[in-house]
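These notes are about the structure you will find just below.
The values are calculated or read from the model by the stated rules, or taken from the named source; none is laboratory data. Since we're looking at a predicted model, the values are computed, not measured. Don't worry about glycine lacking a Cβ; one is built from the backbone with ideal geometry, like all the others, and counts go over all protein chains shown. With ligands, DNA and RNA removed, areas are computed over all heavy atoms of the protein, side chains included. Shrake-Rupley method; radii C 1.70, N 1.55, O 1.52, S 1.80 Å.
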Amino acid sequence: MEIGMLLAPALFDGALGILASPTILFAIVLGTAVGIVFGSIPGFSATMTIVLFTPVTIPFEPTTALIFLVSAYGGAVYGGSIPAILINTPGAPGSIVTCWDGYELTRQGRSVYALAVSAIVSGFAGLIAAVFLLVFAPPISSFALNFGPPEMFLLSVFALTIIPAAKGSSLSKALLAGAFGLLIGTIGNDPQLSQSRATFDQTALLEGVDFVVVLIGLFVLAEVFRLAYRGSVVASQENVRGGASEVYEAARTVASKPVAFVRGTLIGTFIGSLPGAGADVANFVSYNEAKRWADDELADRFGSGAIEGVIAADSSNNATQGGALIPTLTLGIPGSGATAALLGAVALHGLNPGPGLFDASGDVVYAMILSLFVGNLLILLYGISGSQYFGKLAYIPIRYIIPAVAVLAIVGGFAVRNAPVDLYIVLIFGLVGVLFVAYEYPLVSLVLGVILGDIAESGFVTGWLLTGESVTAFLFNSTIAVGLLVLIVLSLVATVLQN
């Protein structure tokens, strides 16, 4: 499929006509707002938002329904950064890295500043990613198809090795935490032998431990415990800053760091286009690269309130939105969990995702892509105007915050699969999170291990069999595999030198 075919004037004009409809515009406005609200609920990810609202859209006309869901997807991806910044609780896995510096800024009394920066980079990164989706979908998707099982396994290993490099933490602790996460990921049915592993006769565990449940325990419940011990969200309210001046400073900050913003956006767009990778991996890579290119003084401030960390995390996070839609729409291969849910919605409404989608329903697809531009402009509007009010949540007395967040953790943990065993998992990982923080084991390594468990296992087993069980053939399967090996070695060397 040629790029020129994608930009067919007749289809483009038809899409603009669809987008001009008051009903469609209302769907974008409502969908973006709904996405931000539900995305900001800890544990209620973009995937869950789409799954929840897909049945609601069944009575709608297909174009209206799909544009509403795409808008909700974009809003939910951004919304996950709000609790990450305010209460160190990522609304979704893609917002984990935002916690590292965003929450530290909140503790320093600069939540409005951090929220405004997040909104600005999220909105503009989404706009740039939408341009890539509109113009470069076919060539990027073709390259992404070159990632076979060995490459996906090596990408998973690379993601685990960059945690200590990005955080400047102990290599051994980070790898142990990642290995523990991979071990948790093996719970459930063995995909090759169809035998149960460590399920303890719990039917719900045959499907494995859901990483969203682990996320809620490690970040939500553990933070409740730590918050109760610490006594407040903000370390000191003497230097709390807010108001329009913080928003203006946020805009100036982003404008003064174009390289950091563009780098994060490009990383998010590319990694988002890789099937199964998504924002979870893109955030870590973007953050690591931002720290690697920083001078020594700035690199030392990463993880303690450096705004460059927020820019790297949230620019890549929202750019994955457009990137993940590239293989979803052009190949019928979801680029993330959220787009997998969206893929089901597209099929439900009578469209067939894949190479023939643009030919069969080009005007509708164009309208979906163009709606991303409007949706990301709304993220800018909602985020910037709301940052002054979102930031005030950080100063609510903890006697109100603790029970409210604890209830959200319990409800969110149970709502994932409606399985009582998940409540025990939330509690267990809440305690594990406290221990990990106390002994300086990186939580994100554990979470990433759980997230990448299926990808790494299936990539290794399938790749090992396809390459004739040869170590050489597996590791040097392609140029991409060799490149990933080089990146893994560089990450390990960088961590050793830092330590």
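Can you tell me which residues in region 31-45 are touching a Ser or Thr at 6+ places or on another chain (Cβ under 8 Å) and either over 23 Å from S95 (Cα atoms) or part of a helix (DSSP H, G or I) (or both)? Result: G31, T32, V34, G35, F38, G39. Each residue in region 197-227 was checked for being among the charged types (D, E, K, R), buried (at least 16 other Cβ atoms within 10 Å of the Cβ) and within 16 Å of F180 (Cα to Cα), and 1 of them qualify. Out of the residues in region 33-58 that are modelled with pLDDT of 85 or more and more than 17 Å from the chain's Cα centre (by Cα), state the one that is surrounded by the fewest Cβ atoms within 10 Å (Cβ to Cβ). The qualifying residue surrounded by the fewest Cβ atoms within 10 Å (Cβ to Cβ) is A33. Considering the conditions (1) at negative phi; (2) out of contact with any Leu (no Cβ under 8 Å at 6 or more places or on another chain), L446 is excluded by exactly one of them, (2).
Listed residues L408, L393, L377; which is modelled with pLDDT of 75 or more, open to solvent by 40 Å² or more (accessible area, probe 1.4 Å) and hydrophobic (A, V, I, L, M, F, W, C)?
L377
Within region 476-485, can you find the residues that are out of contact with any Gly (no Cβ under 8 Å at 6 or more places or on another chain), open to solvent by less than 50 Å² (accessible area, probe 1.4 Å) and not β-branched (V, I, T)? Passing the criteria: A481, G483, L484, L485.
Of all residues in region 202-242, those that are at positive phi and modelled with pLDDT of 75 or more total 1.
Inspect all residues belonging to region 268-277 and state whether any of them is modelled with pLDDT of 75 or more, of a type in the set (A, V, I, L, M) and either within 22 Å of I85 (Cβ to Cβ) or surrounded by 21 or more Cβ atoms within 10 Å (Cβ to Cβ) (or both). The answer is yes; a qualifying residue exists.
Test D454 against the criterion of being open to solvent by 50 Å² or more (accessible area, probe 1.4 Å) and either part of a helix (DSSP H, G or I) or touching a residue at least 12 places away in the same chain (Cβ under 8 Å) (or both), and give yes or no.
yes
Taking the conditions exactly as written (modelled with pLDDT under 85 and part of a helix (DSSP H, G or I)), does L492 satisfy them or not? Spelling it out, L492 is indeed modelled with pLDDT under 85 and part of a helix (DSSP H, G or I). Considering region 243-252, the residues that are within 24 Å of N88 (Cβ to Cβ) and surrounded by fewer than 19 Cβ atoms within 10 Å (Cβ to Cβ) include one that is modelled with the lowest pLDDT, namely G243.
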